[in-house]
Amino acid sequence: MSIGRDGITGLILFAVSLFLLVKSFQLPSLPIVPVGPGFYPAIVLSLLAAASALLVLQDLLKRCAPACAGDAPRRSYRLVVIAFAIVGAYVVLLPLVGFRVATVLFVGALQAALGRPQTARQWGVLAAIALGTAMVSYFVFERYLLVLLPRGAWTGF
Amino acid sequence: MLDLLWNGLINIAQWKYLLPLFAGTFIGVIGGSLPGVTITMTVIVVLPFTYGLDPLAGLAAMTGVYVGGSTGGLIACCLLGIPGSPSSIATTFDGFPMARNGEPGRAIWLGVWASVWGGLLGALFLVFLTGPLAAIALEFGPWEYFSLFVLAMAMVAGLSESSLLKGLISTAIGLLITVVGHDPIGSVPRFTFGSAFIGGGFPFLPVLIGIFAFAQIMTDLEKLNSPRGQAAESLVGVKLERFSHLKVNLEIFKQPFLLAWATIVGLIIGILPAIGGSASSVMAYDQAKKFSKTPDRFGKGHPEGIIASEASNNANVSGSLMTIMAFGIPGDAVTAVMLGAMTIHGIQSGPLFISQNPDIAYGIYAAYILAHPCMLLICLALMPLMLRVTSVPMAVLAPVVLVLCVVGAYALNNTMQSVYVLLLFGVVGYVLVKLGFPLAPLILGLILGDQIEINLVRAIMTDANPWLFLTRPISGLLLLAAATSVGLAIWQHWRHQKRIAEEAPDF
């Protein structure tokens, strides 16, 4: 009997829900309310703990037929990791260099990562989309819709 | 009522509302026609543009996106053989074969016109039934509301594609997110661990945008290097044959029962919380096949399949709008975003919404009705553009959509905290999808969490007897329906497993 991905997920969720359940019992009660602030979270966490435990059990009892493996389409997780890293860098850069600079860098970098340009023309298109996205969104939001966008601590704009 | 509707139509016909409605419908049609871009993602992209607008203008734009997106999806169905949006999935079954048989124009326009008529028939129900539904909801006490929300979550968890258990866990995670921060009754901080970042709880919209948009985009990026569905057979760039709009309409109206039944199926699925357009189009398609005199022609380019699917998915929009306006429960993820937009503008949806905000309520009805002719005009004028738009690469779309997601989150409070929440829940959403957890129950839990807690505590504060949840007739019936829904889901799962076991060969 071996534990699978669902079982591990269930175990993690079970541990987290038990930890938070204990924390919910430690919340102070209020004299004017018959049930304290931990009452409802305790119900939710009990449901989560019970469902997680059942998920572990289900995973342990499951007999996976060979068909389970299936003919899944080829997937590239490398691109997903790169995309998340670029989004993370964008979020870090936003308050430092401001919306306009960060957006040009972000759109350009992500486009290049998802489909690397081969010719000078393709690089030109990439740069135009990056600049265009930053400029159009800046003008539409800041000038037309009066929605303030992040300013850069380093650049001052 | 008709006076109010007339005023609503006149109101929406002003440029300040008509322009956002038209723009929203256009963006919806384009977003819907792009494979991999769902209506939810399109409405998320449009959301930040609505912050600076008048509430009705913003809601009109979103209604336009919803209607346009529900129709736009059929273009990719007919030309690529893959649905532009999940709600038009059943259109692929007959739209693509009909297009391959040399009638792409007939396939697309049958779908567009069926969408228009299905949507407008749905509008009748929206206008005349939302008020009575809200009146019923007004009779509800905290017990009934609590039970109604439990029913909504039980249905969504039970209808999860993966498993009931994962649906329930997803619901509980959604509810858990809402308990972080100060409790709604006594403002006691819960699970904040002294952190200022989560001290105020997680803002709803950045969580929603993060979970939905990131999960969708990142899942699409995984497949970026693999061939796109049936692209080898795709008809991108094809010129539409000459055909008559009159004939297409006659073809639809020759089967009034099909049109009416598909509309009703779509409407009912729309009213039931968070089941969504894909279920409505598939169910209407299935019903059309069962009632058809020529069921063997389905899947080979049969017009009845296209009519049923498209009429149903547009009527589904009116059902979802009914639920949000009468009960304050989002019918699906798109109306969840609309609910968030309403909250930003200080509008409380629910049974009192129509009586307290008649201008906005009838404005939404009018926007929904006018979105259909707008969508038709856009399709008539810009069909050549839409035929090409299906080939826009994901490498261009993804960065632009992500920028708009970040703007949408930031512009909520003009703080980076919302952007951090967006990124955090983007990762959470993607991980949950990869682990096979459905996102719809999580979102419903997230939306209803506060209301469930408030109504539960209110009910206990009014009368501590817990049996009232079962003994009050409406509340008891709703809880019984919730239990039945879970029971049915377990039974269906068990039957499915049994069938698989029976069909599996003995080794």
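Derived scalar couplings between HN and Hα for the stretch B:119-129 equal x, 5, 5, x, 4, 4, 5, 4, 5, 8, 9 Hz in order, rounded to whole Hz, by the Karplus curve 6.51 cos²θ - 1.76 cosθ + 1.60 (θ = phi - 60°), x for Gly and Pro. Less than 5 angstrom separates the built amide H of residue B:182 from those of B:190, B:201, all sequence-distant by 5 or more or on a different chain. Exposure proxy for A:23, B:293: other Cβ atoms within 10 Å of each Cβ, ordered fewest to most, give B:293, A:23. With the Cα gyration tensor of chain B giving a ≥ b ≥ c as the square roots of its eigenvalues, does the rule (a/c under 1.5 for rounded; else a/b larger than b/c for prolate; else oblate) give rounded, prolate or oblate? Judged from the Cα gyration tensor, chain B comes out rounded (a/c under 1.5). Computed over the stretch B:99-189, the alpha-carbon pair-distance distribution with 5 angstrom bins reads 3, 10, 9, 10, 12, 14, 14, 11, 7, 5, 3, 2, 1, 0, each value a whole percent. In this structure, residue B:471 and residue A:25 have a Cβ-Cβ separation that, at R0 = 25 Å, corresponds to a calculated FRET efficiency of about 0.25. Think of the protein assembly as shown as a dipole: +1 on every Lys or Arg Cβ, -1 on every Asp or Glu Cβ, centred on the Cα centre; then among B:216, A:52, A:29, B:216 lies furthest on the positive end.
In plain terms, the chain from residue B:257 to residue B:239 could stretch by 3.2 nm, reckoned as 0.36 nm per residue minus the Cα-Cα distance.
When B:446, A:54, B:53 are sorted by how many other C-beta atoms sit within 10 angstrom of their C-beta, beginning with the fewest, the order is A:54, B:53, B:446.
Report the charge-dipole magnitude of the stretch B:245-398 in Debye, nearest 20, computed about the Cα centre from +1 at each Lys and Arg Cβ and -1 at each Asp and Glu Cβ. Roughly 460 debye, rounded to the nearest 20.
Modelled spin labels at residue B:492 and residue B:413, positioned 7 Å past Cα toward Cβ, are 3.9 nm from each other. Once both labels are positioned 7 Å from their Cα atoms along Cα-to-Cβ, the gap between residue B:502 and residue A:76 label points is 4.4 nm. Each Lys or Arg adds one and each Asp or Glu takes one away; over the other residues whose Cβ falls under 12 Å from the Cβ of residue B:297, this sums to 0. In the structure shown, the pairs B:16/B:254; B:247/B:289; B:223/B:290; B:290/B:498; B:247/B:293 are assessed against 30 Å; a Cα-Cα span above that value is assigned to B:16/B:254; B:223/B:290. The mean sequence distance of close C-alpha pairs (under 8 Å, at least 6 residues apart), as a share of the length of chain B, puts its relative contact order at 28 percent.
Remark: B:332, B:450 ranked as B:450, B:332, counting other beta-carbon atoms within 10 Å and listing the fewest first.
Note on chain B: with charges restricted to the Cβ of Lys and Arg (+1) and Asp and Glu (-1), its dipole about the Cα centre is near 840 debye. Note on chain A: Cα Rg divided by 2.2 N^0.38 Å, N the number of residues, gives 1.65. Backbone geometry of the stretch B:312-327 corresponds, through the Karplus equation with coefficients 6.51, -1.76 and 1.60 at θ = phi - 60°, to 3J(HN,Hα) couplings of 5, 6, 7, 5, 4, 4, 5, x, 5, 5, 4, 5, 5, 7, 8, 10 Hz, x marking Gly and Pro. A simple rule links phi to the HN-Hα coupling: the Karplus curve 6.51 cos²θ - 1.76 cosθ + 1.60 with θ = phi - 60°, which for the stretch B:245-252 gives 4, 4, 5, 4, 5, 4, 4, 6 Hz, with x for Gly and Pro. The local environment of residue A:33, defined by Cβ-Cβ distances under 12 Å, has a net charge of -1 under the rule Lys, Arg +1 and Asp, Glu -1. Mean per-residue shielding of peptide B:169-181 is 5, counting Cβ atoms of other chains within 10 Å of each Cβ.
The residues neighbouring residue B:218, those whose beta-carbon lies less than 15 Å from its own, together hold a net charge of +2 under the Lys/Arg +1, Asp/Glu -1 convention. In the protein assembly as shown, the convex hull through the Cα atoms has an average projected area of 31.2 nm², a quarter of its surface area.
When Rg and the Kirkwood radius Rh are both evaluated on Cα atoms of the stretch A:83-143, their ratio Rg/Rh stands at 1.00. Between residue A:157 and residue B:192, how high is the FRET efficiency from 1/(1 + (r/R0)^6) when r is the Cβ-Cβ distance and R₀ = 41 Å? Nearest 0.05. Working from the Cβ atoms, E equals 0.75. Cross-link partners of residue B:166 among lysines, defined as those whose alpha carbon lies under 16 angstrom from its own and excluding same-chain residues fewer than eight positions apart: A:62, B:434.
Read the figures in this text as sums done on the coordinates, not as results from a lab. Keep in mind that this is a model prediction, so the values were computed, not measured. Positions of Cβ are generated from backbone atoms using ideal geometry, with glycine treated the same way; all protein chains shown enter the neighbour counts.
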